[in-house]
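Undergrad: Please see the structure below; I have some questions.
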Amino acid sequence: MTKLTSGLIAMMISGATFAAPEALAEDGGVKVEHLGVNNTLVRVTGDGKYLVMPVQDNIDDAKVDILVDGKLDKTIYVRLAKSKVDYSVPFDLSQYKGHDVALNIVTSQGRSSVREAKEDACWKNFSVSDTFDTTNREKFRPAFHHAPLYGWMNDPNGMFYKDGRWHLYYQYNPYGSKWQNMTWGHSSSSDLVNWEHHPIAIEPDGLGSIFSGSCVVDKEGTAGFGKDAVVALYTSAATSQMQSMAHSNDNGETFEKYPGNPIITLESEARDPNMFWNEKTGEWNLSLAHALDHEMLFFTSPDLKNWTLQSAFGKGLGAQDGVWECPDLFKLPVSGTDTEKWMLICNINPGGPFGGSATQYFIGDFDGKTFTPDLDKDGKVPTKWMDYGKDHYATVSFSDTPDNRRTVIGWMSNWQYATEVPTMQFRSANTLPREVGLFKASDGQIYASSAPSPEVDALRDGVFKKASKIGVGKNAKSFAIPGLSEIDFEIDPKKAQKVTVVLSNGQGEKVELTYDVDAKTVSFDRRESGVTDFSQDFPAVTTTPTFSDNGKISLRLFIDRSSIELFGDNGRFVMTNLVFPGSPYDKISFSTAGGNADIRNLTVYNLKPTTL
C-alpha cells in the first residue's frame, strides 16, 4: 500500500475505502444540493487533500465546473456513477487550501424528476480524504510494463533524457479510464524499467485539451528560457488544433506555458509536433502530422518559437487508410555499412496491417527542409511497419539520449478496442523500451529493427530452465514456464516445413506461434488466448516477415500478465499483442509439421515485477 502526498495523485479502486466513516466530516466532507433533474451543486465542506469522485464506466460524461470562491477555475468531464460505483478517482484539493470549492455538475442522464436524480449512486459516495489506497486489485495490470496508477493512458509524449533520468509523458485522463480530459501525465526512471509517478505536468487551458507533442533540452537557451531549459511543444485541441509551447526549469517537473500561445496555426487539422536540433544546418527542425491530409509537414526555426513551413511529404504514399499522427524523424547508421539514412516514423489509425492503429515508417534522406524517400526496385515508395502485432502504436523516441541511442516506446493497445479491454481502474500500458537500428535485407531494402533496450535484462530474476538442444517433431514436447517470463531460443528447422510454439494454461487457453519456413513468416494466433469477446476485432492472427536468409531464426518472448512481445533475430521482426488469459500461461510446447527440427539454446528466465 502506498500513501500519497498532495503532489502525487493515486487511484481508488472499487470496493476500497479511503477512510473510515468516522474520520470524515458528518456529511463525508461534502454538501450536495440538487438544482434540477440534470444539475447538482456539490460543495466541499471538509478538510482533506482529495475529493473522491465515484465513477461508472458505461455511462456518459458529466460536465463538472470547478468553482473556486465562486469563479470558474476549470472544467473536467467525469462519468459520475448512476446505478453503481465501478471505482473512484481523486481530485486534488490541496491547490485550493483556504478557498471555497464547489462543483457545478451537469449530467446527461434522462430523469423524470429531482427526486429520481437524488437516487444516483454518486451523490452519497462523494467524500473528502487525505490518503488513497493504491493497492492493485486487477489481475491484468502489467507487472513490468509502465502503466498509469489509475485512469486512461494513450500516446507517449515529450520523452527526453536529462541528468541520468528518462522522462516519459503520456496522454492521460486523471478522472476515468476512458479517453477524456487529455493532459500530460508524467513518470520518470533511472533505468527504463522502474518508474516513479509524478504530478500532472501540463493541464488543459483556454486553448483546449493537451494533445501529443515532444520535449527537447534547449542546451544553448535558444528559446530565451535559459540554458538547458526543457521545452515542450504540444497540440492545443478544442474546436481547432493549434501548436503551443511550455518550458520547464526544474527538469520537467513543472511547466510554464508560453504567453504567446499558440505558436503555429494552420487552416486545417494538424497535430503532434516533434522537434530536434539539426547539427548540420544549425537550426531546429519540426515534424507535424497533417492528419486528415495523410502527410507530414516539416518546419524550421532558430528559437523554437518562430517556425517556417518548408515542405510536405506523404500525400498518396504508404498506408493511407487512416489519419497520420505522431511523427518522429531521426538519422541512423545502417548496420554493416558506412551509410547513414533518415527514418521517418508515421503512426496511422486506422489502416494497420491487421486492422486498426499501427506504426509505419519510411527510409530516406533529409536535407533539413525536405524528406526524400527511398524507392524499391519497381520505383515505388514501399510501406514498412515497425511492429506486425495489433498492439503497438504512437511510437516515438526519447530526445537527448546518451551514447547516440535511439530509444523508443509505444502505446500497447489498438484504437479498435482500447476502451473496451477487460480492465477497470486503468486502461493501457506502454511497450518495453526498444533500441532502433537499420539493416539491409536480401531484397536490397533498408529496414528498421527494434530490439529490447539493454536495461530490460535487469528484469531477470534467475534462470528457470536451460537446454542447449531439443529435437522436436510432430508430437509436441512441453515444458513448464513461470507466469512472468522471458523465453529465448533459436529454431533450426532442418527438414521441417513449419515449427509451432504454443503457450498455454490449465484452462485450455493458448497462444500459438507458427514459423512457416518456406514463406519466411511467423504468425501469432491469439483467438483462444483467454478473454477475447469484448471486441470482434480482438481475436486475430497476425503475421510478420522474418527477413531470414538461411531458415534459422531466433526468438525472444516477454510474457506479462496481459501482453506478449515477440522479438525475432535481435529485433529484425517484432510482434506486440495483448492477451487476457484467465490464469497465467504456465506451459510452452514445441512441435513441427513436415519433418523434424531443433530448438537450440533455450533459456527461460523468471522475471520480477518492477516499481510502477
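The values are calculated or read from the model by the stated rules, or taken from the named source; none is laboratory data. Fair warning: this is a prediction, and the values are worked out from it, not measured in the lab. Every residue, glycine as well, gets a Cβ built from its backbone with ideal geometry; the counts of neighbours run over all protein chains shown. Areas reflect the complete protein model, heavy atoms only, side chains present, ligands, DNA and RNA absent. Shrake-Rupley method; radii C 1.70, N 1.55, O 1.52, S 1.80 Å.
Undergrad: Quick check: residue separation of Lys440 and Asn39 times 0.36 nm, minus the Cα distance between them. What number comes out in nm? Can you show the working numbers first?
TA: Numbers: separation 401, 0.36 × 401 = 144.36 nm, distance 6.27 nm.
Fully extending the segment from Lys440 to Asn39 adds 138.1 nm.
Undergrad: At a Cα cut-off below 18 Å, give the aspartates and glutamates reachable from Lys82, other chains included and same-chain residues fewer than 8 away excluded.
TA: Within reach: Glu33, Asp57, Asp60, Asp61, Glu116, Glu119, Asp120.
Undergrad: At 1.4 Å probe size, with the rest of the protein present, what percent of the exposed accessible area of the chain is carbon and sulfur atoms? Write down the numbers at each step before the final one.
TA: Numbers: 10640 of 23460 Å².
Ligands and nucleic acids excluded, carbon and sulfur reach 45 percent.
Undergrad: List the aspartates and glutamates whose alpha-carbon lies under 19 Å from that of Lys587, not counting same-chain residues fewer than 8 positions away?
TA: List returned: Asp461, Glu486, Asp488, Glu490, Glu509, Glu512, Asp525, Glu528, Asp560, Glu565, Asp598.
Undergrad: Using the Karplus equation 6.51 cos²θ - 1.76 cosθ + 1.60 (θ = phi - 60°), what ³J(HN,Hα) coupling, rounded to whole Hz, does each residue of the range 366-371 give in order, writing x for Gly and Pro?
TA: Whole-Hz 3J(HN,Hα) from phi for the range 366-371: 9, 9, x, 10, 10, 9.
Undergrad: Along the range 374-388, what does the Karplus equation 6.51 cos²θ - 1.76 cosθ + 1.60 (θ = phi - 60°) give for ³J(HN,Hα), rounded to whole Hz, x for Gly and Pro?
TA: Using θ = phi - 60°, the values come out as 6, 10, 8, 5, 9, x, 10, 8, x, 8, 10, 10, 6, 8, 9 Hz.
Undergrad: Also: What net charge is computed for the residues neighbouring Asp69, neighbours being all others with C-beta under 15 Å from the C-beta of Asp69, Lys and Arg scored +1, Asp and Glu -1?
TA: Working: positive: Arg43, Lys71, Lys74, Lys97; negative: Asp65, Asp73, Asp100.
Charge balance in the 15 Å sphere: +1.
Undergrad: Mind giving me the FRET efficiency for Thr521 and Glu340? R0 is 41 Å, r the Cβ-Cβ distance, nearest 0.05 is fine. Walk me through the numbers before you get to the answer.
TA: On the way: r = 30 Å, r/R0 = 0.73.
Computed FRET efficiency for Thr521 and Glu340 comes out at 0.85.
Undergrad: May I pose another question? What is the range 152-246's relative contact order, in percent, from Cα pairs under 8 angstrom and six or more apart in sequence? Intermediate values should be presented prior to the final figure.
TA: Working: 223 pairs, mean separation 20.0, N = 95.
Across the range 152-246, relative contact order equals 21 percent.
Undergrad: Please enumerate, by chain and number, the aspartates and glutamates with C-alpha under 17 Å from the C-alpha of Lys331, excluding those fewer than 8 residues away in the same chain.
TA: Result set, ordered by chain and number: Glu279, Glu283, Glu340, Asp365, Asp367, Asp374, Asp400, Asp403, Glu435.
Undergrad: Using unit Cβ charges (K, R positive; D, E negative) and no other charged atoms, how large, in debye to the nearest 20, is the dipole of the range 402-535 about its Cα centre?
TA: Working: 18 positive and 18 negative charges, 83 e Å.
About 400 debye.
Undergrad: Within the range 450-488, list the residues whose amide N lies under 12 Å from a label point set 7 Å along Cα→Cβ of Asn194.
TA: Answer for this model: 458-459.
Undergrad: Determine the order of Glu253, Glu119, Glu509 by accessible area, beginning with the largest, at a probe radius of 1.4 Å.
TA: On the way: Glu253 65, Glu119 140, Glu509 30 Å².
Accessible-area ranking of Glu253, Glu119, Glu509, largest first: Glu119, Glu253, Glu509.
Undergrad: Please give the charge dipole size of the range 166-226, origin at the Cα centre, charges +1 on K and R Cβ atoms and -1 on D and E Cβ atoms. Round to the nearest 20 debye. Don't jump to the answer; show the numbers that get you there.
TA: On the way: 2 positive and 6 negative charges, 39 e Å.
Charge dipole of the range 166-226: 180 debye, to the nearest 20.
Undergrad: Further question: Ranked highest first by the average count of other Cβ atoms within 10 Å around their residues, in what order do 254-267, 381-394, 488-501 fall?
TA: Values: 254-267: 15.0, 381-394: 24.5, 488-501: 19.5.
Packing order, densest peptide first, comes out as 381-394, 488-501, 254-267.
Undergrad: Work out the charge dipole of the chain with +1 on the Cβ of Lys and Arg and -1 on the Cβ of Asp and Glu about the Cα centre, then indicate which of Ser188, Ser113, Gly355 is farthest towards its positive end.
TA: About the Cα centre, the residue reaching furthest to the positive side is Gly355.
Undergrad: Ok, one more. Please tell me which of these pairs span more than 25 angstrom C-alpha to C-alpha: Lys257/Lys390; Lys380/Lys520; Lys280/Lys380; Lys384/Lys495; Lys466/Lys498?
TA: Details: Lys257/Lys390 36 Å; Lys380/Lys520 23 Å; Lys280/Lys380 29 Å; Lys384/Lys495 31 Å; Lys466/Lys498 23 Å.
Exceeds cut-off: Lys257/Lys390; Lys280/Lys380; Lys384/Lys495.
Undergrad: For semi-axes √(5λ) of the Cα gyration tensor in Å, which listed value, [x] 39, 37, 23; [y] 42, 32, 21; [z] 55, 33, 19, comes from the coordinates shown?
TA: Among [x] 39, 37, 23; [y] 42, 32, 21; [z] 55, 33, 19, the one calculated here is [y].
Undergrad: Arranged from highest to lowest average of other beta-carbon atoms within 10 Å per residue, in what order do the peptides 548-554, 169-175, 418-424 appear?
TA: Working: 548-554: 15.4, 169-175: 25.3, 418-424: 17.9.
Highest-to-lowest ranking by the protection proxy: 169-175, 418-424, 548-554.
Undergrad: With respect to the cross-link table entries Lys63/Lys178; Lys162/Lys608; Lys377/Lys440, which display a Cα-Cα separation exceeding 18 Å? Mind dumping the intermediate values first?
TA: On the way: Lys63/Lys178 15 Å; Lys162/Lys608 27 Å; Lys377/Lys440 14 Å.
In this structure, Lys162/Lys608 lie more than 18 Å apart at Cα.
Undergrad: Starting from the Cα of Val68, step 7 Å toward the Cβ, then list every residue of the range 41-60 with an amide N under 19 Å from that point.
TA: 42-53
Undergrad: Also, quick follow-up: Just the number please: accessible area per residue for the chain, 1.4 Å probe, all protein chains included, in Å².
TA: Spelled out: the 1.4 Å probe surface of the chain, per residue, equals 38 Å².
Undergrad: Here is a follow-up. Going highest first, how would you order 367-373, 569-575 by mean Cβ packing within 10 Å?
TA: For the peptides 367-373, 569-575, the packing ranking is 569-575, 367-373.
Undergrad: Compute the signed sum of charges (Lys and Arg +1, Asp and Glu -1) over the other residues within less than 9 Å, Cβ to Cβ, of Leu288. Walk me through the numbers before you get to the answer.
TA: On the way: positive: Arg271; negative: Asp272.
So the surrounding residues net to 0.
Undergrad: Around Asp598, what is the net charge, scoring Lys/Arg as +1 and Asp/Glu as -1 over all other residues with Cβ under 12 Å from its Cβ? It would help to have the intermediate numbers written out before the result.
TA: Details: positive: Lys469, Lys477, Lys494, Lys495, Lys552, Arg600; negative: Glu490, Asp492.
Taking every other residue near Asp598 into account, the sum is +4.
Undergrad: Now for a different question. Taking 0.36 nm per residue of separation and subtracting the Cα-Cα distance, what length does fully extending Asp60 through Gln109 add? Don't skip to the answer; put the middle values down first.
TA: Values: separation 49, 0.36 × 49 = 17.64 nm, distance 0.75 nm.
Additional length available on full extension: 16.9 nm.
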